[in-house]
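These notes concern the structure reproduced below.
The values are calculated or read from the model by the stated rules, or taken from the named source; none is laboratory data. Predicted, not measured: the structure shown is a model, and the values here were computed from it. Cβ atoms come from the backbone with ideal geometry, glycine included; neighbour counts cover every protein chain shown. These accessible areas exclude ligands, DNA and RNA; they are computed on the full protein's heavy atoms, side chains included. Shrake-Rupley method; radii C 1.70, N 1.55, O 1.52, S 1.80 Å.
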Amino acid sequence: MGDGHLMFGLHDKTLKRRRLLRLLCLVTLSIVSGCEIPQGPGELYWDVDLNVPFGTRTYGIWELADPDTTLRREGSGVGMEEDSSVYFSAWANLSAGIGDSLYVREIALSIDRHVTAIEVPLDYDTLLFYSLGTLNPQIGSLHGTTQDIPQHNLQATTLLPLPAGYDSLEVDTGRISLIVANRLPYSVQDVTVRAGHVVVATFDELASDQQRVTTASLGGVTQYGVFALSLQATGSGGSQITIDSTDRISVTATIDTVTASQFYGIIPEQTVTRDSALAIEQQHHIDLVVIESGSMTITLGNHTQFADTVILKIPNLVSRLNDTLVVSRFLMPGDSDVVVIPLAQYRLRPEGDNEQTITGELTSHTPSPDDRREFVSGEERVFGRIQIERLSVEYFDGSLNNLELTFDSLSIDIERPPQGWEVVRPLEVEARIHVDHGIGGVLSSDVDAVTWLNGSQVGTSTIHVENLELEDSSVTIIPGLADLLAEYPDLLTADGNATLSGEVAVFNNTEVSLALELRAALAVIITDTLEPVGTVEKVEPGDLEDIQSGEAIITLWNHLPVGGRCYLVADYDSLNVIENSEADVDTLFDVNIPEPTIVSGRAVNASRYQFSIELNERWINYFKSDGFFVRTQIQVDAIDGDTLIVHGSDYLNVHALAKVRYTVDPGEVR
């Protein structure tokens, strides 16, 4: 008995504590809720207002946009600019490999040394004195007298020895330089200087103590055993001239090495170089090319009567060890030889800014024979031939001229907009070509782009790119592509061709990489009801079984450039309140949404509207339950053809608050 009584006492005290705690909580809640506390004895009941939020929902245009404020690289979707403008964007990478599109065309070069003459070291630098006694012995015999001298002839010849071993020669090429000075005490006219029988200088007149300088060709001069140089002139004479037979006309003659078309004697050692430049017809201007593969065929020939060492040098071709390409062969008379040179890793550097050339240097080295021979100009020659096949290029540095490239075909899936936003349409459509890694030069291309929806073509356009500079981070914008987004697509395909021009430095594994962005500022084109899908939310009111009455206060903030309708449905089963469930559900409220102030098609600021609805018994039962589900839905009134300019900052906020009255019975407290 004692134990049972104790337990009952403890139980009774526990109940009292609970009732007291409940009373304190309700009193506290009443204070928080703003309701009055009983003022005196007998006032045993009072009501407490409780605020229960439910169906709060914000519909923002930013729901269309991806989390990133700006889309980047492969992919598609809707993004937002910093000014909150909403745009559609689809990115795809375009690439075109250089590959074997760069090459050096075939080159053929011939160099001949026609042996029409051989070198003769006929070197003179001689001062000759033609004295009056030699030029006219009769007048010279009057030496020391003063005479009236009539006009008279002057004539003399000097025989210069030929070099040792030369018996005769006929000069093919060569020049003579002359200084003729008149040291006679009177003038001379009709001065003529001859080498052999060839006139090499003439002067109408030389006054006393006057000299003249001239040069002349020795071509055709024939000499036998000696080199004859003669002078002819007419002396003017005069009165009372004191005659000195040593007075003179002096001639300084300078002759460099000449070549002889006919010769008899010991033929001297010959080393002759012939240059030949070939204008190469390349598509591009080459500053430097590193050759990947290919070869050059060199033919050397000696069609002369002499043994010869034939050397061919190509200064424009240098090996990776920095050695100039040189081929040398010793060839007997009538012999030839063919050499094939692999050109992999050789560097080709043509000459010339406008007309590019490849230069060949052919050197013929003929040793001197021991015996005397006769040489007569004929068909003898030494020659070199080069034939370069088409060369593939590993590295190119220079200026491209419309190098043709083909972009790889691309296909990119485009994400569809969220359900309910199918009426989003582009205002303007443009393509943006982005360059991330520049290689230099400028690109022009035509990219054929096609958009698709459910396997059917819905738009097509050719994107023309003109003179896009391939520098890091450069971009070009091509507007006027509305045909591509006549409908919101689910696939974009593209392919195209391009030409690359201008200064570049590229390897054959270089790729021209671009990013093609299809971008469109978006608007809502009203063709049907705009109805973003509402979100199903669970409301858990708690222990509110004593609810007596209440009202729903709905506050709307509208920052969309349009009015519409907002309603809320509820049910104990979440599946019944999802959109298009066709279940019989309760509607708490269904109100119109007035338009905010609109300027130039855009909501200036958010407008606030508030509505109050008394809760009926069915709704009070929802709040007495352990939980129920609601879906807040908006609809925009359809005005066919209207365009709504929306920004990512536009929104519609629905805030629903149930204000319920809870009755407190303090009589339960002892």
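Relative contact order for the stretch 102-174 using alpha-carbon pairs under 8 Å, separation at least 6, rounded to a whole percent?
Dividing the mean separation by the residue count of the stretch 102-174 yields 29 percent.
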Rolling a 1.4 angstrom probe over the protein chains, ignoring ligands and nucleic acids, what is the accessible area of Tyr572 in square angstrom, nearest 10? 110 Å²
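Once you keep just the Cα pairs under 8 angstrom separated by 6 or more residues, what percentage relative contact order results for the stretch 123-247? Don't skip to the end; give the middle numbers.
On the way: 284 pairs, mean separation 50.1, N = 125.
That works out to 40 percent.
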Through the Karplus equation 6.51 cos²θ - 1.76 cosθ + 1.60, θ set to phi - 60°, convert the phi angles of the stretch 262-267 into ³J(HN,Hα) values in whole Hz; use x for Gly and Pro. 9, 7, 9, x, 7, 5
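Taking the highest mean first, how do the peptides 460-468, 579-587 order by number of other beta carbon atoms within 10 angstrom per residue?
Ranking the peptides 460-468, 579-587 by packing returns 460-468, 579-587.
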For all pairs of alpha-carbon atoms in the stretch 188-244, what percent lies in each bin of width 5 Å, listed from the first bin to the last filled one? 4, 16, 22, 20, 14, 11, 7, 4, 2
Computed log₁₀ I(q)/I(0) - Debye formula, equal Cα scatterers, no solvent, the stretch 99-141, q 0.25, 0.30 Å⁻¹: -0.96, -1.05
Carbon plus sulfur, as percent of the 1.4 Å-probe accessible area of the stretch 132-250, comes to 45 percent
Measuring from label point to label point, each 7 Å out along Cα→Cβ, what is the Asn454 to Thr58 span in nm? 3.6 nm
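Is the shape of the stretch 244-369 best called rounded, prolate or oblate, per the rule: a/c under 1.5 gives rounded, else a/b larger than b/c gives prolate, else oblate, with a ≥ b ≥ c the square roots of the Cα gyration tensor eigenvalues?
Details: a/c = 3.59, a/b = 1.75, b/c = 2.05.
Oblate, because a/c is 1.5 or more while a/b does not exceed b/c.
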Calculated FRET efficiency, Tyr572 and Ser411, Cβ-Cβ r, R0 41 Å, to nearest 0.05? 0.30
How much of Glu394 can a 1.4 Å solvent probe reach, expressed as accessible area in Å² and rounded to 10? 50 Å²
Rough spin-label spacing in nm, given labels placed 7 Å along Cα→Cβ, for Glu469 and Ser649: 3.4 nm
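Express in nm, to one decimal, how much length is gained between Asp397 and Ala216 on full extension, taking 0.36 nm for each residue of separation and deducting their alpha carbon distance.
On the way: separation 181, 0.36 × 181 = 65.16 nm, distance 4.78 nm.
Extra length from Asp397 to Ala216 when fully extended: 60.4 nm.
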Residue separation times 0.36 nm, minus the C-alpha to C-alpha distance between Asp287 and Glu106: what's the value? 63.4 nm
Linear extension gain, Val339 paired with Ser276, 0.36 nm per residue minus alpha-carbon span: 20.7 nm
Using the heavy atoms of the protein chains alone and a 1.4 angstrom probe, what is the accessible area of the stretch 364-516 per residue in square angstrom? 48 Å²
Long-range amide H partners of Leu160 with built H, under 5 Å: Phe227, Ala228, Leu229
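Sequence gap at least 6, Cα distance under 8 Å: using those rules, report the relative contact order of the stretch 546-632 to the nearest whole percent. Display every interim value, and only then the final one.
On the way: 154 pairs, mean separation 39.6, N = 87.
Contact order relative to length: 46 percent.
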Simple spin-label model, 7 Å along Cα-to-Cβ: Glu269 to Thr493 in nm? 7.6 nm
